[in-house]
C-alpha cells in the first residue's frame, strides 16, 4: 500500500480544500496521474500519484480541509482495491451459533435495508452542501447519466421546486433540516451557499488592508481620443505581426511603469520601520474569475514591448479563467492595475493589494462634452482613473503627480516610445 499525501504547496500555504476527486476507489492510477484537485487560498492545485496501482481508499471527502503532509488517499500497488468496509461489516455478524432470540433484532431491520436501497446516490460534496442548506437529496434533479447528484446540482436547486412536489415524508419536512434563516421567517425563501476558500481569503485580506493601511484615493480623467485613434490605425498590422490583439492594457502598463520610475514610493512596500524600494517592475493585472478576483503578475514589464505585454496578459487571463494559474504567477507583484471598465464601472475606489502601496483603477470609456478652449466644446471619449495609495509612505503630492503622469502619457501615446 502507498500513501498519497498533500505536498508542499508554497511558503505561505499550509492547507487546502478538497475540491474534486479526479479518481475514485477502484480506478487504476499510473505514476504521474492527477488524482485530486485542491482549492487553496490563491489557486487550484492538482495533486499527482507517485505510485501506480489501484486507488484503494479516499481519506478525505470533497469539501474537507486538509493540511500539507496529510494522507488523503491509499494506492494498492498490488493492483486490486480491498472490499468496502460496509461489506466486511455485513459478513461479521453471520454465525450459526447465535440463539434465535439474539437474531431477532437482525430480522426486524427490513426498513433499514429498504432505506439503503432507496438512498439517493450523491457525491460527498453534494451530501455536505445539502446538509448545510437543509435540502432533501431525493428532491434534487440531476443530469448525470448514472443519476448521481453532484454539488452543482445542489447549488442550482430551487427550493420552490420542493413546494410544488408531492407531499414530503415527515422526516424530510422536519424543522431541524431547515437553515436558521428559514426558521426565522419561513415565508421568505433564502439560500445558504458556502463561501469558497478563495472568496474567504479575499474577504479576509481586503478587510486587513483597510484596517492596516492609511488608504486614500485620488482621481483624474483621460481623453482617450489619441490612444483610440492610434490603436485603430495600428491594430490590424499589430495582430498580423504579433498574433495578438492590441488592447489598452499594454498602453496603461507602459504608462504605469514610466510613472513609477518618477514616483518610486508607489513601487515600494513597508517592512516594519523600513521601506523596501523595488528597482524592478512586476505589474499585477487583476482578472475576474468565477471564484473571485485574482491578480497574476506581468514580470519585468519595463523590459517588454507592447506585444510581449499583451501576450502575457492574454495568457495569464486564460490561465486564471481555466483555474490553471501557478502560485508563482501570483507572487511578488510591485503594483496593480484593475479595469472595472470592462463591466461598465464609471468610477470606483480600488482597494490596495497588500503589501503593495498603490493600485490604479481604470473605468469605462464614455463620450462626454469636453471644453477644448474658452469657446469650443467637443464630445470626447473620456475615462476616469483612480489611484488608491497608502498614505503612510505616499504623500498626496506624489500620488497626484503619478496619476497626472499616467494621464499625460495616455493622451500622447507616442511619447511612450521615448520612455526609458
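The values are calculated or read from the model by the stated rules, or taken from the named source; none is laboratory data. All values reported here derive from a predicted model rather than from experimental measurement. All Cβ positions, glycine included, derive from the backbone under ideal geometry; neighbour counts span all protein chains shown.
Here residue 299 clears all of (1) surrounded by 21 or more Cβ atoms within 10 Å (Cβ to Cβ); (2) modelled with pLDDT of 95 or more; (3) closer than 30 Å to residue 46 by Cβ except the condition numbered (1). Within the range 403-420, the set of residues being free of Cβ contacts under 8 Å to residues at least 12 places away in the same chain and surrounded by fewer than 11 Cβ atoms within 10 Å (Cβ to Cβ) comprises 417, 418.
Taking the criterion of being under 21 Å from residue 407 (Cβ atoms), in contact (Cβ under 8 Å) with a residue 12 or more places away in the chain and over 34 Å from the mean Cα position of the chain (by Cα), the residues of the range 215-243 that qualify are 225, 226, 230.
Within the range 201-212, identify whether any single residue is surrounded by 11 or more Cβ atoms within 10 Å (Cβ to Cβ), at pLDDT 85 or above and touching a helix residue (DSSP H, G or I) at 6+ places or on another chain (Cβ under 6 Å), and answer yes or no. Among the residues of the range 201-212, not one is surrounded by 11 or more Cβ atoms within 10 Å (Cβ to Cβ), at pLDDT 85 or above and touching a helix residue (DSSP H, G or I) at 6+ places or on another chain (Cβ under 6 Å), which makes the answer no. When you look at residue 55, is it closer than 25 Å to residue 328 by Cα and either modelled with pLDDT of 85 or more or in the same structural domain as residue 296 (by TED's automatic domain parsing) (or both), yes or no? So residue 55 does not fit the description; no. Taken over the range 5-36, the criterion of being part of a strand (DSSP E or B), in contact (Cβ under 8 Å) with a residue 24 or more places away in the chain and closer than 22 Å to residue 323 by Cα is satisfied by 5, 10, 13, 15, 16, 17, 18, 19, 20, 21, 35, 36. Looking only at the range 60-75, residues that are outside any loop (DSSP other than H, G, I, E, B) and either modelled with pLDDT of 85 or more or closer than 18 Å to residue 34 by Cβ (or both) come to 6 in all.
Just to be sure before I move on: is residue 255 in the same structural domain as residue 333 (by TED's automatic domain parsing) and either surrounded by fewer than 14 Cβ atoms within 10 Å (Cβ to Cβ) or more than 18 Å from residue 417 (Cβ to Cβ) (or both) in the structure I sent? Spelling it out, it is not the case that residue 255 is in the same structural domain as residue 333 (by TED's automatic domain parsing) and either surrounded by fewer than 14 Cβ atoms within 10 Å (Cβ to Cβ) or more than 18 Å from residue 417 (Cβ to Cβ) (or both).
In a residue-by-residue description of the range 266-287, the property of being under 17 Å from residue 247 (Cβ atoms), surrounded by fewer than 17 Cβ atoms within 10 Å (Cβ to Cβ) and out of contact with any strand residue (DSSP E or B) (no Cβ under 7 Å at 6 or more places or on another chain) applies to no position. Could we say that residue 232 is modelled with pLDDT under 95, under 30 Å from residue 367 (Cβ atoms) and assigned to a helix (DSSP H, G or I) here? Yes, satisfied.
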